[in-house]
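Structure first, then comments.
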Amino acid sequence: MSDSAPTPSPVPPAKGADSPILVFWRVLRANPLSLFGFLLVALICVVALIVAVAPHVLVPYGPQQETGVFYSPPSWQHPFGTDGLSFDVYSNVMLALPLDLGLGVGIAGASLLIGGALGLVAGFYDAPGTVGAGTSVVIMRVTDIFLSFPSLILALAITRVLGIGIVNVAIAVMITWWPYYVRLVRGEVLAVKHLPYVTAARAAGVSENRILIRHVLRNVTEPLVVYFTLDIGTVLVTYSTIAYIGVATRYPGPTPEWGAMLAFYQGSAPITTYPWLVLAPGAAVFITVIAFSLLGDGLRDILDPRTRRAFVRGAAPEPPAERSAAELPGGPVDAAPENPLINPDPGGV
Amino acid sequence: MTDPVLIVNDLTVTYTVGAGIFYAVSDVSLEIEPGRVIGIVGETGCGKSTLAKAIPRLLPEPPASIGSGSIIFQGTDLVKVPRRKLPMIRGTGIGMVFQEPLNSLNPAFRVFDQIAEAIRVRHYREMGWVKSFHGGDQPFDYSKPPVTESSPGSLAKVIVPSGAVEKAAHDRLATRSQLREEVLSYLRLVRINDPETILNLYPHELSGGMRQRIMIAMALSEKPALLIADEPTSALDVTIQAQVLTLMKELIDEVGAAILFISHDLGVIAETADEIGVMYAGRIVEYGPVADVFRDPRHPYTKALLRAAPAHYKSDGPLSSIPGSVPNLSRPPPGCRFHPRCVLAKDICKGVSPPLAPVDPADPPASRHIHRSACYFQAEVPNLP
Amino acid sequence: MTPSGPLLETVDLEKLFPLTRTLTETFRRGAVRAVHAVDGVNFTVGPGETLGLIGESGSGKTTLGWLIARLHEPTGGTIRFDGDDVTHLKGRALRAWRRNVQIVFQDPVGSLDPRFRVWQIVGEPIRAQEGVSGSALRSRVRDLLPSVGLPPDCLDQYPHEFSGGGRQRLSMARALSVSPRLIVLDEPTSALDVAVQAQILNRLVLLQRERGLSYLVITHNVAAVRFVADRVAVMYLGRLVEVGGVREVLEHPVHPYTKALLAAVPFPDPRRRRTRYRIGGDIPSLVDPKPGCRFAPRCPFVIDKCRVEYPPLTMVPGLGSRLVSCHRAEEVRDIAPETLLATGPGATVPAASAAPA
């Protein structure tokens, strides 16, 4: 029988398969900026953890502790200098780190969970004529309503209703943030749910709910993770902007926050004379956002199977256009209804 | 015999990927004269598409790189041409037709715009507005065999006569109605019966066969000296494929360009090619006039491939196939790359890779158009079942 | 259940996809236009038999395959499986029935979830139908893999680590996992190289002999059908135009479309080059087809009757159980495909008594 003999088999040897961590490391190594972003994010997280748990290790002064030195430029004792009330700027910036980081991740994360869940439902259960279709429509229209407001203004309006406070502002931002995730996730679900492997699962007799959770969800998470990572920076900037307006927390106060610090220093002292006052919190925001952006970019390369392929030993690089007709996008040629505008009077021989 | 349009010498193309080097094409040599059709046949992963894109240097050069060899197109070695000058040879020098025209045609433009763009590019070059390969205002004339520019190593300089600005203004680019006439003439060339209706349609409104005809019209409207067709009919239905192949054969006779035709389908190659090269794992393992290679294959792979070809299926007994699978080209087998799957393999096959040697010892070994095989035991191949 | 009857039977099977209406159409309240993907198809598949379904894109053959696997619901007609009417099964009953008919999809890359490992992919039907999971599932899959020619130790690999032929084998293993009675194979060879095609086709025949499976093989690869099928049905624009034993149909096609199709297949022998192929026209669309024979616009033998009246699928005298849908079946039956090569639409063909050129 001229069928495939046991050796050589049509399957590459299992021992050649590279662990995902190794591939991850190779991709990072090939892309220095992503590596930098990754390390920076790791550093920021570690520092935040230390400051939150054992602040005395890295933070010499309390947030409102008077040092006796006024408007001192950066020096060894005061790396970011001191302000008009002789508070140590460095300490305040560091103490604000866990708060701001937590806010960024938390708000983005909560929006992801809420918006993502809604998007999954809206995207998957929308067969016409079912309850799901009606639910989808409702979800999407509500999302559209929220999206039609500029998010910053909406957040401010909600803060006005809820009152001043860190948590209230966080809630306000979250309320304006989840609709983006609904749209994103629904779009991904729509792209995935017509793929052949979903149909194959249906053909195997798998129930719809299980298809959603096992197949669709796992294939939707990649772009979601990338977006989420990049979003952390955006959320942080938005929150800081609102805090800048003064509705989150008072500065100087027991809980420093970068946006509030920026607002206070910008108003209270001439920037040209004492630039370190605004540079410090501003740079903190900037560095955090950049770190997450670079990480997000790197994640995109890691998670995209096509670019990742190039880093797996033994896998062939994607050959140029060597796909046969069946593998072309668009799937089986006559499984879906045709475009009625196709095929005018046939021009032929 | 006129001078060849394209001479490829010992071309090697590699991909550098994070995990190593991938040897896509190794030591491939070809010669194509005007009016001849050279068919390259091989399975997936043999490197034929890489070869097709390497010749006009369409491969993205960071992962891909041309390791060694030369590509001499009308006297100029394309490997040595700096990247910024490459657009000059594409189009009016070398035209390409790809596999799936839905991907090659811009979905945002109507048919008229796409063909008109190709024609405009040619006009610009003919008028000398843009540096072109053919040297200014001499459009390529199909009625005469091409005169090869004998200035190796440099592209022909554009000699712009004095008063060029006035001349250009006078020859100002054809008006839209003139362009329309030319576009229609190319559409009729590819045997579209009702071209006026087609002009205003978008690619997605057309069938696959029509799109492919439009691709061919676009490629021909630039009057290339060499046309590279990479699986042009593989995405089409059988009846449409037959129509398009008939069209291509008639155009070959009318237009006289040189054609490099790449396919995995032996039937299609048998229909269209004058000479055929069989590729395996990045190398050409057999080459020769198509009738000779099909009638008397002298490489075990060619013979096995022909035996496994669909039209020879009989209804009794299992189909013959080739045991094993295509090697991983980041770790190619030493020596002859087919030896792990070859019934004739001996120790010598694992050593030095066999060069292409003439099948008939009486033929001059340097000729590139005779029947040659890269197998030490080519004489025994006819005895294989 | 009728043990001696056909395993699968369809009666006037129909699937229409309504098109979304443009605004003007809604206002004009015209009839909703629809794509008639499958438009009245009758055929049977016996136990242990292979029926080949050939046609080109736009013929509706993939839709027909999906209907048989109940991935679409028919908009008309009936499907009977083993005597039971399964046309409108839903929900749990449908999912339970699915173990009888499995499908191998056209796209070996897309039909395997890239996030799942081999044992999860191949074992998914077992898990869905029998509730087996974990290590029991793994051992079931491990026992199954050799029968499609895969090594049993590749359980934990991902689909992208396999070649095209390997992925096709995975699809086949998945289809076989619940021991179905009928497998629908949608273009099993079109993504594969020639040598791999031969391997897969050999494997299909072997499995059929071992397990008494029936196959519905949907393909445009005429030679593959010749090897693997017992009977063949030719489909054009949503309808069957010719049905019969595979060797008979391929060697002596009666319907003009079958002739045109066979004449178009390029032969890998330069001595048998066609002079030219001029059976013209593009494949028309499936939207609201006109009355009369669907092939009339392109048929070299067309007469006025063809454009008006649809020829039903009827037997041709003297050709056994062959069914052909053509008004001029008897006149044109002996005209060989090669003679079509020089003619075009509307060309007059000499009457059956005169020898063709």
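Every number in this text was worked out from the coordinates using simple rules, so none of it is lab data. Source: prediction; values computed, not measured. Using ideal geometry, Cβ is built from the backbone for each residue, glycine included, and neighbour counts are taken over all protein chains shown.
Amide H neighbours of residue C:104 under 5 Å, at least 5 residues apart or on other chains, H built in the peptide plane: list them.
Close amide H contacts, sequence-distant or interchain: C:184, C:185, C:186.
Check which residues have an amide H placed less than 5 Å from residue C:16's amide H, if you skip close sequence neighbours.
Here C:75 satisfy the definition.
If you count, for each residue, the other Cβ atoms within 10 Å and average over each peptide, how do A:137-144, C:228-235 line up from highest to lowest?
Descending packing order for the listed peptides: C:228-235, A:137-144.
To the nearest 20 Debye, how big is the dipole of region B:203-300 about its Cα centre, given +1 on the beta carbon of each Lys and Arg and -1 on that of each Asp and Glu? Intermediate values should be presented prior to the final figure.
Working: 7 positive and 15 negative charges, 30 e Å.
Charge dipole of region B:203-300: 140 debye, to the nearest 20.
Quick one, can you get me the convex hull of the C-alpha atoms of region A:73-136 expressed as volume per residue in Å³?
104
With the crude spin-label approximation of a point 7 Å out along Cα→Cβ, what separation in nm comes out for residue B:65 versus residue C:209?
About 5.3 nm, to one decimal.
Can you tell me the equivalent ellipsoid semi-axes for the protein assembly as shown? Use √(5λ) from the Cα gyration tensor, largest first, whole Å.
For the protein assembly as shown, the ellipsoid semi-axes come out as 56, 39, 32 Å.
Taking θ = phi - 60°, what integer Hz values does the Karplus form 6.51 cos²θ - 1.76 cosθ + 1.60 yield along region B:281-298, in sequence order, with x for Gly and Pro?
Working through the residues one at a time gives 6, x, 10, 8, 9, 8, 8, x, x, 5, 5, 5, 5, 6, 6, 9, x, 10 Hz.
Quick one: Kirkwood hydrodynamic radius for region C:161-231, alpha-carbon pairs, angstrom, one decimal? Don't skip to the end; give the middle numbers.
Details: mean 1/r = 0.0808 Å⁻¹.
Kirkwood radius, region C:161-231: 12.4 Å.
Taking 4 °C and 1.567 mPa s as the conditions, I'd like the Stokes-Einstein D for chain C in µm²/s, using the Kirkwood hydrodynamic radius from alpha carbon pairs.
Working: Rh = 21.9 Å.
D = 59 µm²/s.
With the cut-off at 27 Å, tell me which of the pairs B:303/C:61; B:48/B:80; C:259/C:305; B:53/B:80; A:193/C:15 have Cα atoms farther apart than that.
Values: B:303/C:61 34 Å; B:48/B:80 22 Å; C:259/C:305 20 Å; B:53/B:80 16 Å; A:193/C:15 22 Å.
Check vs 27 Å cut-off fails for B:303/C:61.
Ignore the peptide's own chain and count Cβ atoms of other chains within 10 Å of each Cβ in C:281-290; give me the average, rounded.
If you average over the peptide's residues, the count of other-chain Cβ atoms is 6.
Provide, for q = 0.13, 0.17 Å⁻¹, the log10 of I(q)/I(0) from a solvent-free Debye sum over equal Cα point scatterers in region B:272-385.
Normalising to I(0) and taking log10 leaves -0.50, -0.85.
Quick one: Debye curve from the alpha-carbon atoms of region A:114-220 only, equal weights, vacuum; give me log10 I(q)/I(0) at q = 0.13, 0.19 Å⁻¹ to two decimals.
One equal scatterer on each Cα of region A:114-220 leads to -0.56, -0.91.
For residue C:139 and residue A:113, what does the FRET efficiency come to when R0 = 41 Å and r is the distance between their Cβ atoms, rounded to the nearest 0.05?
Numbers: r = 38 Å, r/R0 = 0.91.
That pair, residue C:139 with residue A:113, gives E of 0.65.
In whole Å, what three semi-axes, largest first, describe the equivalent ellipsoid of region C:46-147 built from its Cα gyration tensor (square root of 5 times each eigenvalue)?
Output for region C:46-147: semi-axes of 27, 18, 14 Å.
Semi-axes of the equivalent ellipsoid of region B:1-50: what are they in whole Å, largest first, if each equals the square root of 5 times a C-alpha gyration tensor eigenvalue?
27, 13, 7
Taking the Cβ of residue A:195 as the center, what net charge do the other residues with Cβ under 10 Å away carry, scoring Lys and Arg +1 and Asp and Glu -1? Can you show the working numbers first?
Numbers: positive: A:193; negative: C:107, C:113.
Net charge around residue A:195: -1.
Just to check I understand the Karplus step: with θ = phi - 60° and J = 6.51 cos²θ - 1.76 cosθ + 1.60, what whole-Hz values come out for region C:82-87, glycine and proline as x?
Once θ is set to phi - 60°, the couplings for region C:82-87 become 6, x, 8, 7, 10, 4 Hz.
Sum -39500 (n - 2.57) across every DSSP H segment of at least 4 residues in chain C, then divide by the residue count to get the 222 nm mean residue ellipticity, nearest 500.
Value at 222 nm, helices only, nearest 500: -8500 deg cm²/dmol.
Beyond 17 Å, what percent of the Cα pairs of region A:35-169 remain?
74
Once amide H atoms are placed 1.01 Å from N in the peptide plane, what residues at a sequence separation of 5 or more from residue B:27, or on another chain, have their amide H within under 5 Å of its amide H?
Counting only residues 5 or more places away or on other chains, the set is B:11, B:12, B:13.
Between residue B:350 and residue A:25, with labels modelled 7 Å along Cα→Cβ, what's the label distance in nm to one decimal, could you check?
With each label point 7 Å from Cα toward Cβ, the separation is 3.4 nm.
Which value, in nm² and rounded to one decimal, describes the direction-averaged projected area of the C-alpha convex hull of region C:223-326? Provide the component values of the computation, followed by the final result.
On the way: hull surface 30.6 nm².
Mean orientational projected area (region C:223-326, Cα hull): 7.6 nm².
Can you give the Rg/Rh ratio of region C:65-209, where Rg is from the C-alpha atoms and Rh is the Kirkwood radius?
On the way: Rg = 15.4 Å, Rh = 15.9 Å.
Taking Rh as the inverse mean 1/r over Cα pairs, Rg/Rh reads 0.97.
Give me the compactness ratio for region A:93-168, meaning the Cα radius of gyration over 2.2 N^0.38 Å.
This ratio for region A:93-168 stands at 1.46.
Compare the peptides C:186-194, C:135-143 by average per-residue count of other Cβ atoms within 10 angstrom and give them in order, highest first.
Going by the mean number of other Cβ atoms within 10 Å, highest first, we get C:186-194, C:135-143.
Which part of region A:62-105 falls in the paramagnetic zone of residue A:272, meaning amide N under 11 Å from the point 7 Å along Cα-to-beta-carbon?
None, by backbone N distance to the label point.
Considering only the other residues whose Cβ falls under 13 Å of the Cβ of residue A:120, what net charge follows from Lys and Arg at +1 and Asp and Glu at -1?
Value of the local net charge: +2.
Taking the Cβ of residue A:134 as the centre, find all other residues whose Cβ is under 15 Å away and add up their charges (Lys, Arg: +1; Asp, Glu: -1).
0
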